[in-house]
Amino acid sequence: MNKKETFFKRHKNKLTVFCVFSVCIFCFANYIGFKHIPGHIHDLWRDIVYKFTTEERDNDQIIPKDNDKHSFKNSPDTIVVLQPPKYPLDSLLYIHDGEVEDDFKEELEELRKVDFSKLKVAEDFPTDTECQYAIVRHYGAPVIKLLKKYEASLKIGKCYVAPLLNTDPDRVEIARVTCMVSGFNRKNENLSNIEMPLRIAYDFVRYSFDPENWYVENLSQRIPFDYELNPHKNDID
């Protein structure tokens, strides 16, 4: 009479494969750091969306592979922002022949009270290429299609040092800046933020787990409207 095989003998091959797979996963997790796994999974998904939706446009990629790098020069204090700041406002749009539009008077008065003198111009900030890479990776397919539709690229304006917002121990910030971003078509015409979901200003952040790349985050401070990036066109009456 044949003895009945044990569970381990019957499933020897499956158990071996499972053990090898588990060891590989453990080694990989240990290599990147267990606490960084959620962030890496999120970033991996963005990269997958980008790779499968990006096509070359006249031999120029929306996100070029080689990006200029900057050394870390900003060292602001770490704080927590309780209320979201307002976006930069082009006040000249509401002033005609020296007169302020009635609906804008209250907001203009509020804008005049904002003290922008305390802002510090950043020495460490993304290039235009890094800015576009971060935004495309953040939004994925919708922005890729938007840039293709308008044959546009993104440019970054003057950047200001922003306080580090280290509220998540798994995503330690080492640099943060705030700046305006505008789209430009092939004729170098300013398209502002083109369409939603793109906005006119962002924070760009570098994290300790990936110090070579910039990431897009919500605005953390109010900055002045960048007229160098977005020159104002006077109304023609």
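In percent, what relative contact order does segment 171-219 have, based on Cα pairs under 8 Å that are 6 or more apart in sequence? Display every interim value, and only then the final one.
Working: 83 pairs, mean separation 19.4, N = 49.
So the answer I get is 40 percent.
Just need the relative contact order of segment 114-237 here, percent rounded to a whole number, with Cα pairs under 8 Å and 6+ apart.
Values: 206 pairs, mean separation 31.6, N = 124.
Reported relative contact order: 25 percent.
Solvent-accessible area per residue for segment 147-231 at a 1.4 Å probe radius, Å²?
Working: 3560 Å² over 85 residues.
Spelled out: the 1.4 Å probe surface of segment 147-231, per residue, equals 42 Å².
Using θ = phi - 60° and the Karplus relation 6.51 cos²θ - 1.76 cosθ + 1.60, list the HN-Hα couplings for segment 155-165 in order, rounded to whole Hz, with x at every Gly or Pro.
Each residue of segment 155-165 in turn: 10, 9, x, 5, 9, 10, 4, 10, x, 5, 10 Hz.
What residues qualify as long-range amide H neighbours of residue 166, i.e. H under 5 Å apart, gap of 5 or more or another chain, H built at 1.01 Å from N?
79
What percentage of the solvent-accessible surface of segment 172-219, computed with a 1.4 Å probe over protein heavy atoms, is contributed by carbon and sulfur atoms?
Numbers: 810 of 1830 Å².
In segment 172-219, the share of accessible area belonging to carbon and sulfur is 45 percent.
Two decimals, Cα atoms only, Kirkwood Rh: what is Rg/Rh over segment 145-190?
Values: Rg = 15.4 Å, Rh = 12.9 Å.
In segment 145-190, Rg relative to Rh is 1.19.
With a point put 7 Å past each Cα toward its Cβ, work out how far residue 90 is from residue 22 in nm, to one decimal.
With each label point 7 Å from Cα toward Cβ, the separation is 6.1 nm.
Percentage of Cα-Cα pair distances in segment 84-237 greater than 27 Å, rounded to whole percent? Don't skip to the end; give the middle numbers.
Values: 3385 of 11781 pairs.
Of the Cα pairs, 29 percent sit more than 27 Å apart.
Roughly speaking, what is the stretch gain from residue 99 to residue 208, that is 0.36 nm per residue apart minus the C-alpha to C-alpha distance, in nm to one decimal? If you can, show how the numbers build up before the last one.
Numbers: separation 109, 0.36 × 109 = 39.24 nm, distance 4.93 nm.
The span from residue 99 to residue 208 would gain 34.3 nm if fully extended.
Order 20, 114 by their accessible area, 1.4 angstrom probe, all chains in place, largest first. Working shown, then result.
On the way: 20 85, 114 50 Å².
Final ranking, largest accessible area leading: 20, 114.
Defining a contact as two alpha carbons under 8 Å apart and six or more residues distant in sequence, what relative contact order in percent does segment 136-204 show? Before the final figure, lay out each step's value.
Values: 95 pairs, mean separation 20.7, N = 69.
Relative contact order of segment 136-204: 30 percent.
Can you compute the modelled spin-label distance between residue 151 and residue 109, with each label point 7 Å from Cα toward Cβ, in nm?
Going by the 7 Å Cα→Cβ label model, 4.8 nm.
Sort 127, 178, 16, 167 by heavy-atom solvent-accessible area, probe 1.4 angstrom, most to least.
Numbers: 127 25, 178 0, 16 75, 167 100 Å².
Of 127, 178, 16, 167, the descending order of accessible area is 167, 16, 127, 178.
Along segment 110-122, what does the Karplus equation 6.51 cos²θ - 1.76 cosθ + 1.60 (θ = phi - 60°) give for ³J(HN,Hα), rounded to whole Hz, x for Gly and Pro?
Calculated HN-Hα couplings, in order: 5, 5, 5, 7, 6, 8, 7, 5, 7, 6, 10, 5, 6 Hz.
The values are calculated or read from the model by the stated rules, or taken from the named source; none is laboratory data. Here the structure is a predicted model, which means the values were calculated and not measured. Neighbour counts run over all protein chains shown; Cβ positions are idealised from the backbone, glycine included. Heads up: the accessible areas ignore ligands, DNA and RNA and are worked out on the full protein's heavy atoms, side chains in. Shrake-Rupley method; radii C 1.70, N 1.55, O 1.52, S 1.80 Å.
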